[in-house]
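A short reminder: the numbers here are calculations on the coordinates, not readings from a lab. Keep in mind it's a predicted model, so treat the numbers as computed, not measured. Positions of Cβ are backbone-derived with ideal geometry, glycine not excepted, and every protein chain shown enters the neighbour counts.
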């Protein structure tokens, strides 16, 4: 059965091409699907808890249905079935535009009129682990016991036996003929659904959850058709109308559209009405680095999200010194933050850059006035981290997150501290941004201080160049210079920091064949003795789409054709017909987290939360030149 909506972004294909379910979400909830459009886990932003294992629907009479096609669309995932008698069926899973509410919706066409169809529902009420997805519910959620509290003609209300304030409700569009409840909280329902005079069938289930009694909806939810129309309207506000790109740019434009869609899926309203997104969905931890890259993209299609996210960070991530935390965690009991005991990492300069970008993109003076004090404090902290050589030093003494000052900070047994070229380039850009913000805010005292600091640090970066090769060092610490080449070193060119000849020479070196990957660029040269295609989540040789995007953006002024080719390579990761490697965790329409450096297989998260918005930034700003120009 063809879908009713003409959706230029939707991907439709054979079931064997898409063997994993998608991730769907709104401000209040996040769900995961299996490959046949059944619900496979449901999460609430208000309390950071998982609810429900699998909730499935299937037609059991007439039998003989065969799965023909699958659809991955912005608002839903669907499975399309055919029957030997010529009937067609579609099962669709989607979340409502607002509220913690998910629908399973079955429609049939070409049926024998005036008959009935038997549909079975199976529902694992409590949270359960999934074999389909990487992130799993906490053991506390899986071990909760549930009790049937109320049984309505067309609904079931479950409450936890631990007397929690939360609960679950399952509504159906008609009364079931049979109900069976088994431990541990497993429900089986059977429905005899009538076929109308035109041979059509329409049946839906709605799952609703709440974190406290005040959030429980008392009324029957709207029918699936009405709820779905609301979600379509909400997405249209974010995605906008279908563009009319040149034929050779349609692939990229589809990826831009999906970038906006996937950004909405991970945008949540947490406890105490704080807004943001996690770097590992679903969850309530906001990582400043990833939040900044989200802002750079969201400023182009949802600036209200950017402002809310920056305000959340300004409330929770700013230390009294001005330093910015690596992350904040927004729990119902209050926020907490962590800096991994580092004096500085990339969180501090990226926070300043995000505020500057938002101001230049939106001209929102109220946001500037609210956020400038935090940006000023962060810039002052950057200046205070310079050593006698004029460079900013990260004093990390441990390994992994406790000893790495840049973006590849989850490498086990690895230390990358001292004067990092990546970090210093970001600090140059942040100090320039702080000077612009000071001027816009009327802070005449700090504008020259920040501008002078940027110039001095920019000049000091000449010390981070290898005199033998003319390439930037990865870092310099108490042990001396580190000559390793990594994709991190595209950032001086992106931020226009340090001597121009060195930054361009280094950038072009990173695009040579030993860094090439089917989906972009590798994090490390394949000729490097430390190269490994998967070690440390691919950070020592795998390919990360976000780093490829940085490289493409940096290349745009010098090799525009190559920059577009990298953008197209990233776009191809969304659509199965263009995959040239095993699917791994790939899901149509979703940007994966990283790829094996050798095989190209996708790994990590099937929906990278920061990459969708980063891709929008890459295309709209770095490649097409939409203002503001990041970052010089």
The helix 347-362 Cα axis meets the longest alpha-carbon principal axis of the chain at an angle in degrees, between 0 and 90 and rounded to 10, of 70
Output ordering of 323-331, 254-262 (per-residue mean of other Cβ within 10 Å, highest first) is 254-262, 323-331
Taking Cα atoms, the helix 250-265 axis meets the longest principal axis of the chain at an angle in degrees (rounded to 10) of 80
Proxy exposure order for 615, 319 (fewest C-beta within 10 Å first) is 319, 615
Rounded to one decimal in nm, the spacing of the 7 Å Cα→Cβ label points at residue 61 and residue 225 is 2.7
Subtracting the Cα-Cα distance of residue 333 and residue 200 from 0.36 nm times their residue separation yields 42.9 nm
Sorted on mean Cβ neighbours within 10 Å (highest first), peptides 188-198, 591-601 come out as 591-601, 188-198
Expressed in nanometres to one decimal, the distance between label points 7 Å along Cα→Cβ at residue 178 and residue 244 is 5.7
Relative contact order as a percentage, the range 243-623, C-alpha pairs under 8 Å and 6+ apart, gives 16
Packing-ranked peptide list from 545-557, 391-403, highest mean Cβ count within 10 angstrom first, is 545-557, 391-403
For residue 14 and residue 214, extending 7 Å from Cα along the Cα-Cβ vector and measuring point to point gives, in nm, a value of 5.4
Computed over all unlike Cα pairs, the Kirkwood hydrodynamic radius of the range 471-562 in Å stands at 13.3
Relative to the compact-globule estimate 2.2 N^0.38 Å (N residues), the Cα gyration radius of the range 228-320 stands at a ratio of 1.21
Expected sort for 132, 540, 611 with the fewest Cβ neighbours (10 Å cutoff) up front is 132, 540, 611
Sorted largest first, the C-alpha extents of the range 420-518 along its principal axes in whole angstrom are 49, 35, 20
Taking Cα atoms, the helix 365-384 axis meets the longest principal axis of the chain at an angle in degrees (rounded to 10) of 50
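Return the calculated 222 nm mean residue ellipticity for the chain, to the nearest 500 deg cm²/dmol, obtained by summing -39500 (n - 2.57) across DSSP H runs with n ≥ 4 and dividing by the residue count.
The helix-only estimate for the chain comes to -9000 deg cm²/dmol at 222 nm.
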Note on the chain: the mean projected area of its alpha-carbon convex hull, in nm², is 28.0
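If you stretched the chain out fully between residue 150 and residue 580, how much longer would it get, using 0.36 nm times the residue separation minus the C-alpha to C-alpha distance?
Taking 0.36 nm per residue and subtracting the Cα distance, the gain is 149.7 nm.
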Compactness check, the range 107-228: C-alpha Rg relative to the 2.2 N^0.38 Å globular estimate gives 1.21
Taking 0.36 nm per residue of separation between residue 162 and residue 526 and subtracting their Cα-Cα distance, the length gained on full extension comes to 125.7 nm
The range 377-465: spread of alpha-carbon positions along the three principal axes, whole Å, largest first, is 46, 25, 17
Listing 235, 570, 251 by rising number of other beta-carbon atoms within 10 angstrom, fewest first, gives 251, 235, 570
